[in-house]
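Chemist: My questions will all concern the structure given below.
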Amino acid sequence: MENNPGEKESITLPEVRLILIGGRWAGKSSSANTILRRERFECGRTRTAQSEVRHEIVEGRKLIVVDAPGWNSSLSLKHIPEWNKQRFKLNLSRCPPGPQVFLLAIPIDSAFSVAQKRIVEEHMKLLGEQVWRYTMVLFTCGDYLGGKTIEQHIESEGDALKWLIERCKNRYHVINNKEKSNSSQVTLLLQKIDEIVSDNNGSYYEVDEQTLTIIEKKQREVAERAERRRRRAEEQRQQMTTLIPEEMKPSTLKMILLGSRNVGKTSVVNTILGIKEQDGKRTAHSVIRQGSVGKTEITLVDTPGWWKGFPAFDTPEAIKEELVRSMFLCPPGPHVFLVVIDADASFNAKHLDALRTHVELLGEGVWRHSIVVFTRGDWLGSSSIEEYIEGEGEALQSLVEQCGNRYHVIDNKNTDSGTQITELLEKITATVAGNSWGHFVPDEQKFKTIEDRRRRVEERARLRESQVMAKRKTLRGPRHQLQELRIVMIGQKTSGKTATGNTLLHKEVFPTCQTENCQVDQGEVAGRRITVIDTPGWWGESSRCTEDTDKEIARGLSLSPLGFHAVLLVIPLDLAFSKVQKIALEEHMNLLDASVWKHTMVLFTCGDKLADKSVEEHIEREPGALYWLVDKCENKYHVMNNMKKANMSQVTELFEKIEEMVAGNNGRLFCPNMRDVHLRIDDKFKRRQVKHVLRQRLEKEYRRRELELMLGFKEKLLELQAEIRGSETSTKPKSLIGDTNKFKIWGIGQKKKDGKEKEEIIDAKISQEIENLDKSILRSTVDLQSSMELLFPDLRGESPAPSVAESLPGKRNSNSNFDKVLGWLSTLQISTNLENNLTFNSSQTSGYGSVLPHDDLDFNTEADILQ
């Protein structure tokens, strides 16, 4: 084992170059001090914001240690700012010619999960495959081992940590930073480092100079643009400051904070008002907070956040109503809106779209009153906020410009700094002055609409609740309690099925990573023998669902031959249940059995997001898709809060509802015919293939018509050009195209010029158009050829496309209905109707009419065919 250095010969290196990498708060800086045997790096509550290098002589050799900034262990690489990714690669240049060893810090005092494994893997990919040759796992917080060995810890942690150790070729070391005087742990570490260098034949990690040059060039360009932005913002601020006399500064300022979840809106409120306490609770309603800063009275409205990257139509109606209602909590209206962005995460086009759709719910003109406030400024390190803006790309730059280049950064960790709040208030005052000292005027009709709707929702919610209670009362009783319950959970990806399974069994049995395979477990809970089957989730868009996933869900149903007492259809409360999701859900339920709805209960997860609202209010407030689903399940639903796993009353109540459902079904369980289920799955994907082939046929026809039109247009242009060149005296050539109004797209419709000069101009422009058409015709010809090759290997052949054949279950019958449909599609005649729309003629003698009724294609309109 590499962990035992005594087994190999190794040379003692006169110089050791190493880099400590890992997640934030992994103990890198403290470990670096232990290795150097001196306090050379600042550690404790201070985060390493930029890579730092220290040199020291230890045990007669020169150590060059680079302490790199830690990555966010809760964010995947795609959520990391571009600037951070670039700086991570630049760490390598801090110990030229290159590091001999990477020490990957992993703290023992916290679990190494599958999610953390993915994040480590993503960051290591930035450095290339070769980095693993030079990497050793450095376990920090060695004092947490207690009486265990590190090997026992590795084995007990699970597959994720074992994968990491194997990836590092079984090289690892434990360091206890509480025992810095224990020099033997450093001596042993240096021996292991010598072994790694020996195994690599004395080589070191070679830095790609070209990559570093490109990154450095990008960063210089970003720095230049950032400086220009900073100067422009400063000029705007100085200009407004000089125009605002002291006596005109407002004595009160009213502002609303807007932003996605977990960006730090509440922290901004606390920092502005000087509040030290943090309650850590999620903002479920718009809340008004008041205080003063100097002589200015401050009113702040904190609003609930939406999921980052999810547009407004994915957000529950209750949250959108709270955003609108916030404007009426600070009458006559807010002076500014503080749009909060976290500076330690990425901001892309998806995030911009989500933010715009939510902010614009408040009404027109909202951006004139908006300022972007960046939180977590401490994570910027030595970089400026302008460098973050310029480095992140067009989406963030577009947002800042939409807010008139008004922005501010707050370090929520440095609440004692009054300067950052003073500057923010100056920028807010300048914004108010720029809006003629007026406030944003909310639309009173919006408030009236919300209040009217709230009353209707509450009335309907009370009615639904009373109906549910009345039905439960008729089915309730001790005689209905069952000794055993078998439950299968189905639903969309990331809906909370796995976490719910763990809550139901009152133990962590299902891994909380994305479920790809069915999992089953049992336990004694609330006096009952409980069996829970967790199935893979399907995608929210039906087009992304795969046959393998559907078959794996079906396999889950076969894991209980005796049947199921309940099918729990898991729906999260923190996202809207849209029509798109309804289609995907209905498609999967149709694969099972018509009787499945009798045995199905909607299980709402994320119960903590309800706050003080009832689930009935949520159902009544959401659009028709959720209303349809609950009614389809005959008003059978339950709410689970997986944040309160110790609350067993919610689990017991669910079991009681399941028992009542079984009683309502006269004791019958859900026992689907698995053969029928698999036939429906096969049929579903055959239908999808038919739609795919027909779509390709129509796309081919569209391309053919486009090419035909361009060729015809080119021919007429050539005729026009020949006519112009052949007419020496005419100033207005006769044309197949029509009068001069039709020439204006080429700039022909202009005042009379000299005849010959005009002809030359027209001729040149027509030549340019012909040249452009030639390029378009070439592209269209290639596209048309590609579409024909994709459609069928032989359009007139008897065999379906390869993807079709692969989807068939081995024993194909060339005369099957499905093959005949594909054969019919290959000969399908596509024409145009009176409105010049594409239509297809199915009345040909293809035999199709006798094979499969038109309705079975499930195409209602041309839009349906092409969707």
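The values are calculated or read from the model by the stated rules, or taken from the named source; none is laboratory data. None of the values given here were measured: they were computed from a predicted structure. For neighbour counting, all protein chains shown are included, and Cβ atoms are generated from backbone atoms with ideal geometry for every residue, glycine included. Just the protein is used for accessible areas: all its heavy atoms, side chains included, with ligands, DNA and RNA removed. Shrake-Rupley method; radii C 1.70, N 1.55, O 1.52, S 1.80 Å.
Chemist: How large is the charge dipole for region 320-449, taken about the Cα centre, if only the Cβ atoms of Lys, Arg (+1) and Asp, Glu (-1) carry charge, to the nearest 20 debye? Before the final figure, lay out the partial values.
Modeler: Details: 11 positive and 20 negative charges, 107 e Å.
It comes to approximately 520 debye.
Chemist: Sorting check: for 81-88, 21-28, 640-647, which peptide has the highest mean count of neighbouring beta carbons within 10 Å, and how do the rest follow? Don't skip to the answer; put the middle values down first.
Modeler: Working: 81-88: 20.2, 21-28: 22.5, 640-647: 15.6.
Going from most to least packed, we get 21-28, 81-88, 640-647.
Chemist: Same structure again: Need one word for region 154-199: rounded, prolate or oblate. Basis is the Cα gyration tensor (sqrt eigenvalues a ≥ b ≥ c); a/c below 1.5 gives rounded, then a/b vs b/c decides.
Modeler: In terms of gyration-tensor shape, oblate.
Chemist: At most 16 other Cβ atoms within 10 Å and a DSSP loop assignment: could you name the chymotrypsin sites (Phe, Trp or Tyr not before Pro) in region 440-549 that fit?
Modeler: W539
Chemist: Tell me, what is the per residue accessible area of region 645-711 in Å², probe radius 1.4 Å?
Modeler: Using a 1.4 Å probe on heavy atoms only, each residue of region 645-711 averages 49 Å².
Chemist: Tell me, what ³J(HN,Hα) does each residue in region 647-652 have, in order and in whole Hz, if you take phi through Karplus 6.51 cos²θ - 1.76 cosθ + 1.60 with θ = phi - 60° and put x for Gly and Pro?
Modeler: Once θ is set to phi - 60°, the couplings for region 647-652 become 7, 7, 5, 5, 6, 4 Hz.
Chemist: Check which residues have an amide H placed less than 5 Å from R476's amide H, if you skip close sequence neighbours.
Modeler: none
Chemist: For region 260-403, which whole-number percentage of the solvent-accessible area (1.4 Å probe, protein heavy atoms only) is attributable to carbon and sulfur atoms?
Modeler: Exposed carbon and sulfur together represent 50 percent of the surface.
Chemist: Is region 411-529 rounded, prolate or oblate when judged by the Cα gyration tensor, a ≥ b ≥ c being the square roots of its eigenvalues, rounded requiring a/c under 1.5 and prolate requiring a/b larger than b/c?
Modeler: Note, shape of region 411-529 comes out oblate.
Chemist: Follow-up. Take the eigenvalues of the Cα gyration tensor for region 416-463, scale each by 5, and report the square roots as semi-axes in whole Å, largest first.
Modeler: Working through the eigenvalues yields semi-axes of 40, 18, 4 Å.
Chemist: Within 14 Å, Cβ to Cβ, of P331, how many net charges do the neighbouring residues add up to if Lys/Arg are +1 and Asp/Glu are -1?
Modeler: +1
Chemist: Sticking with this one: Tell me the per residue accessible area of region 332-452 using a 1.4 Å probe; a whole number in Å² is fine.
Modeler: Numbers: 4510 Å² over 121 residues.
With all protein chains present, region 332-452 gives 37 Å² per residue.
Chemist: Tally Lys/Arg at +1 and Asp/Glu at -1 over every other residue whose Cβ is under 9 Å from the Cβ of D342; what's the total?
Modeler: Taking every other residue near D342 into account, the sum is +1.
Chemist: If I compute solvent accessible area with a 1.4 Å probe over the protein chains, what percent of it on region 499-604 is carbon and sulfur?
Modeler: Exposed carbon and sulfur together represent 51 percent of the surface.
Chemist: Further question on the same structure: What number, in percent, do you get for the relative contact order of region 348-500 if the mean sequence gap of Cα pairs under 8 Å and at least 6 apart is divided by its residue count?
Modeler: Computed value for region 348-500: 22 percent relative contact order.
Chemist: Now for a separate question. Where only protein heavy atoms count, and the probe is 1.4 Å, what is the accessible area per residue for region 100-218 in Å²?
Modeler: Per-residue value: 46 Å².
Chemist: Still on this structure, please answer the following. With unit charges on the beta carbon (Lys/Arg positive, Asp/Glu negative), name the residue among Y144, V114, N91 whose Cα is farthest towards the positive pole of the charge dipole of region 54-157.
Modeler: The one lying farthest along the dipole's positive direction is N91.
Chemist: Next up: Any aspartates and glutamates with Cα under 15 Å of the K598 Cα? List them, leaving off those in the same chain fewer than 8 positions away.
Modeler: Of all the aspartates and glutamates, those that pass the test against K598 - Cα under 15 Å, at least 8 places apart if same chain - are E586, D631, E634, E659, E660.
Chemist: Exceeding 21 Å between C-alpha atoms, which entries from my cross-link table qualify? They are K117/K551; K249/K427; K276/K308.
Modeler: Pairs exceeding 21 Å: K117/K551; K276/K308.
Chemist: Give the lysines whose C-alpha is closer than 25 Å to that of K700, dropping any in the same chain fewer than 8 places away, or say none.
Modeler: K684, K686, K691, K714, K716, K775, K820
Chemist: Kindly rank 607-618, 701-712 from highest to lowest mean number of other beta carbons found within 10 Å of each residue.
Modeler: Values: 607-618: 18.0, 701-712: 14.7.
Packing proxy ranking, top to bottom: 607-618, 701-712.
Chemist: Follow-up question, since we're still on this one. Would you list which aspartates and glutamates come within 16 Å of K765, measuring only between C-alpha atoms, while excluding same-chain residues fewer than 8 positions from it?
Modeler: The qualifying aspartates and glutamates are E715, E719, E723, E757, D774.
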